[in-house]
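Have a look at this one.
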Amino acid sequence: MTVPQELTGQAPGTSAGTRVAELHEAKKLARRGPSERATRAQHAKGKLTARERIDLLLDAGSFTVVEQLRRHRAVGFGMEERKPPTDGVITGWGTVEGRTVFVYAHDFRIFGGALGEAHAEKIHKIMDMAIAAGAPLVSLNDGAGARIQEGVSALAGYGGIFQRNVRASGVIPQISVILGPCAGGAAYSPALTDFVFMVRGTSQMFITGPDVVKAVTGEDVTQERLGGADVHAELSGVAHFVYDDEWTCLSEVRYLLSLLPSNNQQVPPFTQSRDPADRRGEALLGLVPAEGKLPYDMRRVIEEIVDHGDFLEVHERWAPNILCGLARIAGEVVGIVANQPIALAGVLDIRASEKAARFVRMCDAFNVPLLSLVDVPGFLPGVDQEHGGVIRHGAKLLYAYCEATVPRVQVILRKAYGGAYIVMDSRSIGTDLSYAWPTNEIAVMGAEGAANVIFRKQIAESDDPENLRARMVKDYRSELMHPYYAAERGLVDDVIDPAETRSVLARTFRMLRTKHAEQPSRKHANTPL
């Protein structure tokens with residue numbers, strides 16, 4: 001909505017008081033948006049307005065708006081008749097729990113939130129400010145893509161956003177919140193950020209929409225089935241977090257920000273915990289069966305170890321055979337990577353390797369110490385895995401751990417077999433300290449498989465092969481897989497009472513707080529594909 005004519009073009013002698021009144025009216029119109037009808041239509045879709053979302057995200061009264069009176073300069077296709085203030089995006093900064101956070105929010109009520117030249121320049125400015133200030137950037141996405149009426153200028157605007165996403169990567173936390181459509185080139189910006197949040201029923205992300213898909217492939221698909229929140233949470237892995245409504249979603253964004261530093265030169269915020277650091281976890285003895293083939297839920301182990309059982313899991317529904325998330329131990333933020341025995345027995349595969357590798361690199365970028373909880377029988381065998389490139393994908397996780405310079409601690413609960421043992425932050429690839437429970441089995445492979453390989457000929461020639469096999473399995477386990485074998489060779493620093501895991505970790509991470517490690521000088525690494 002434009003400022004009424006009577007409030008513009010006043011005579012040169014107009015008083016300062018009148019001009020101030022004009023200013024307040026212009027800002028009031030910009031804040032209110034295009035019309036009540038447009039606001040009602042937004043609410044009817046179950047969506048909040050851009051301002052309402054910002055108010056939920058930031059501390060009350062902390063938001064400072066930037067360029068709220070900006071208008072586009074495009075002409076043609078009727079654009080010269082429609083020049084609303086803000087140009088469809090609200091930009092500025094505020095605080096979350098007292099710490100500065102920059103934000104931009106698409107206003108779907110104006111041009112469907114589509115990006116034009118002025119719109120893009122506002123986003124560029126706020127991104128530059130976030131990088132310069134060393135503060136997190138949160139984007140609230142609800143836009144229809146590039147503004148077609150502005151042609152290539154709109155596309156160039158996206159290029160400027162992508163370039164800044166990359167420049168900010170690993171420097172400040174970048175969080176994308178999808179609260180409506182995010183299609184075409186617009187989808188690449190969230191993909192370049194650290195975390196993506198989505199809301200069921202109202203969020204969609206895709207490169208080509210249902211109409212294009214049908215025209216090209218003949219497939220008939222809805223927006224929700226093509227790029228809805230659950231699709232990206234379970235199938236594509238694009239979404240890290242999914243919630244049922246915007247209120248919960250934005251509340252969880254605030255919680256995530258409370259666990260991250262403002263930039264890569266700081267450490268995560270410390271909070272004084274009321275959960276005693278030396279609290280014993282007697283329940284752990286019953287949670288993890290000694291028999292390696294029996295499943296259990298690793299989440300319950302994590303909840304027993306961390307402060308107050310609070311664990312913010314990342315990518316909860318994608319690659320569920322590995323768990324990644326943030327928690328606190330004795331008030332210190334830690335990133336946790338853990339095999340999950342109730343999903344595919346906790347094996348590593350293509351998706352699990354990708355998921356964990358990116359999480360490890362995020363933690364390392366933002367000075368978050370790493371805890372690896374290991375119970376892994378190996379990599380998932382199969383033709384699909386090999387042809388899908390499990391070698392190069394597994395190498396991503398190996399690379400991420402080897403590259404990480406933050407404090408790293410490994411705890412081996414039960415199985416740790418073969419290459420998967422090495423990859424899960426073993427001593428040989430640089431973990432600072434490795435602990436094991438007395439139920440640990442660290443070996444090239446399980447005792448049964450090892451005995452079948454080593455004693456294949458003897459077993460085949462035996463009059464009683466089953467009895468000989470059982471005896472060989474027992475001998476192999478007692479010789480090479482007893483709980484103290486790795487500790488005796490210095491590959492495990494200590495075998496600990498499971499009930500003392502929390503207190504051991506609290507002391508260890510406290511000691512490692514001042515760890516300093518340098519990497520070789522290089523332009524950048526050449527990471528596995």
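The values are calculated or read from the model by the stated rules, or taken from the named source; none is laboratory data. What you are looking at is a predicted structure, and each value in this text was computed from that prediction instead of being measured. FYI the Cβ positions are ideal-geometry reconstructions off the backbone, even for glycines, and counts take in every protein chain you see. The accessibility values were calculated without ligands, DNA or RNA, using every heavy atom of the protein model including side chains. Shrake-Rupley method; radii C 1.70, N 1.55, O 1.52, S 1.80 Å.
Taking the range 63-105 as the search range and keeping residues that are open to solvent by 40 Å² or more (accessible area, probe 1.4 Å) and β-branched (Val, Ile, Thr), which one is modelled with the lowest pLDDT? Step through it out loud before you land on a result.
Our first condition is that a residue be open to solvent by 40 Å² or more (accessible area, probe 1.4 Å); within the range 63-105, this holds for 63-65, 67, 69-71, 73, 75, 77, 80-83, 93, 97-100.
If we keep only those that are β-branched (Val, Ile, Thr) as well, we get 64-65, 75, 100.
Working: THR64: 95, VAL65: 95, VAL75: 60, THR100: 98.
By that ranking, first place goes to VAL75.
How many residues, within the range 217-239, are surrounded by 14 or more Cβ atoms within 10 Å (Cβ to Cβ) and either of a type in the set (Asp, Glu) or touching a strand residue (DSSP E or B) at 6+ places or on another chain (Cβ under 7 Å) (or both)? Break it down into steps so the answer makes sense when it comes.
First pass over the range 217-239, keeping only residues surrounded by 14 or more Cβ atoms within 10 Å (Cβ to Cβ): 221, 223-224, 226-234, 237-239.
Next, only the ones that are either of a type in the set (Asp, Glu) or touching a strand residue (DSSP E or B) at 6+ places or on another chain (Cβ under 7 Å) (or both) stay: 223-224, 226-230, 232-234, 238-239.
Number satisfying all stated conditions: 12.
Scan (1) in contact with a Cys (Cβ under 8 Å, 6 or more places away or on another chain); (2) of a type outside the set (Gly, Ala, Ser); (3) within 27 Å of PRO295 (Cβ to Cβ) for the single condition LEU373 breaks and write down its number.
Result: LEU373 fails condition (1) only.
Within the range 106-154, which residues are of a type outside the set (A, V, I, L, M, F, W, C), modelled with pLDDT of 95 or more and over 19 Å from LEU250 (Cα atoms)?
HIS124, LYS125, ASP128, GLY134
Answer yes or no: is there a residue in the range 177-192 that is surrounded by fewer than 24 Cβ atoms within 10 Å (Cβ to Cβ), closer than 22 Å to SER139 by Cβ and of a type in the set (Val, Ile, Thr).
Within the range 177-192, none of the residues are surrounded by fewer than 24 Cβ atoms within 10 Å (Cβ to Cβ), closer than 22 Å to SER139 by Cβ and of a type in the set (Val, Ile, Thr).
Sticking with this one: Can PHE195 be described as within 18 Å of the chain's Cα centre (by Cα) and either over 23 Å from LEU260 (Cβ atoms) or open to solvent by less than 10 Å² (accessible area, probe 1.4 Å) (or both)? Give the steps one after another, and end with the answer.
Values: within 18 Å of the chain's Cα centre (by Cα): yes; either over 23 Å from LEU260 (Cβ atoms) or open to solvent by less than 10 Å² (accessible area, probe 1.4 Å) (or both): yes.
Yes: the conditions hold for PHE195.
For TYR417, indicate whether it is touching a residue at least 12 places away in the same chain (Cβ under 8 Å) and under 30 Å from ASN264 (Cα atoms).
no
Going through the range 94-147 one residue at a time, which ones are outside any strand (DSSP E or B), among the β-branched types (Val, Ile, Thr) and under 20 Å from PRO269 (Cα atoms)?
Within the range 94-147, ILE131 is the sole residue that qualifies.
Would you mind stating whether SER139 is of a type in the set (Ser, Thr, Tyr), closer than 22 Å to ARG32 by Cα and out of contact with any Pro (no Cβ under 6 Å at 6 or more places or on another chain)?
Numbers: of a type in the set (Ser, Thr, Tyr): yes; closer than 22 Å to ARG32 by Cα: yes; out of contact with any Pro (no Cβ under 6 Å at 6 or more places or on another chain): yes.
Here the answer is yes, as SER139 does meet what is asked.
For ARG299, are the conditions met, namely being closer than 25 Å to PRO483 by Cα, in a helix (DSSP H, G or I) and open to solvent by less than 70 Å² (accessible area, probe 1.4 Å)?
yes
While we're on this one: Note down all Cβ pairs under 8 Å where the first residue falls in the range 250-262 and is assigned to a helix (DSSP H, G or I), the second is surrounded by fewer than 21 Cβ atoms within 10 Å (Cβ to Cβ) and polar (S, T, N, Q), and they're at least six residues apart or on different chains.
none
Counting only residues that are in contact with a Leu (Cβ under 7 Å, 6 or more places away or on another chain) and modelled with pLDDT of 75 or more, which one in the range 10-41 is most open to solvent (accessible area, probe 1.4 Å)? Break it down stepwise before answering.
First, the residues of the range 10-41 that are in contact with a Leu (Cβ under 7 Å, 6 or more places away or on another chain): 22, 25-26, 30.
Within this subset, residues satisfying the condition of being modelled with pLDDT of 75 or more are 22, 25-26.
Values: GLU22: 29, GLU25: 57, ALA26: 16 Å².
Applying the filter and picking the extreme gives GLU25.
Restricting the range 46-62 to residues that are modelled with pLDDT under 95 and basic (Lys, Arg), which is nearest to SER203 (Cα to Cα)?
Result: LYS47.
Only residues that are under 26 Å from SER353 (Cβ atoms) and open to solvent by less than 40 Å² (accessible area, probe 1.4 Å): list them for the range 480-507, please.
Within the range 480-507, MET481, ALA486, VAL492, THR501, LEU505 qualify.
What do you reckon, is ARG513 modelled with pLDDT of 90 or more, open to solvent by 60 Å² or more (accessible area, probe 1.4 Å) and assigned to a helix (DSSP H, G or I)?
Numbers: modelled with pLDDT of 90 or more: yes; open to solvent by 60 Å² or more (accessible area, probe 1.4 Å): yes; assigned to a helix (DSSP H, G or I): yes.
The answer is yes for ARG513.
Right, something else. I need every pair where a residue in the range 134-146 that is more than 15 Å from PHE102 (Cβ to Cβ) and open to solvent by 10 Å² or more (accessible area, probe 1.4 Å) has its Cβ under 6 Å from the Cβ of a residue that is assigned to a strand (DSSP E or B) and modelled with pLDDT under 85, sequence separation at least 6 or different chains.
Short answer, once both residue conditions are applied: ALA146/LEU115.
Would you check if there is a residue in the range 158-171 being at negative phi, surrounded by 23 or more Cβ atoms within 10 Å (Cβ to Cβ) and touching a strand residue (DSSP E or B) at 6+ places or on another chain (Cβ under 9 Å)?
no
Considering each residue of the range 339-349, count those that are open to solvent by 30 Å² or more (accessible area, probe 1.4 Å) and assigned to a helix (DSSP H, G or I), and give that number.
2
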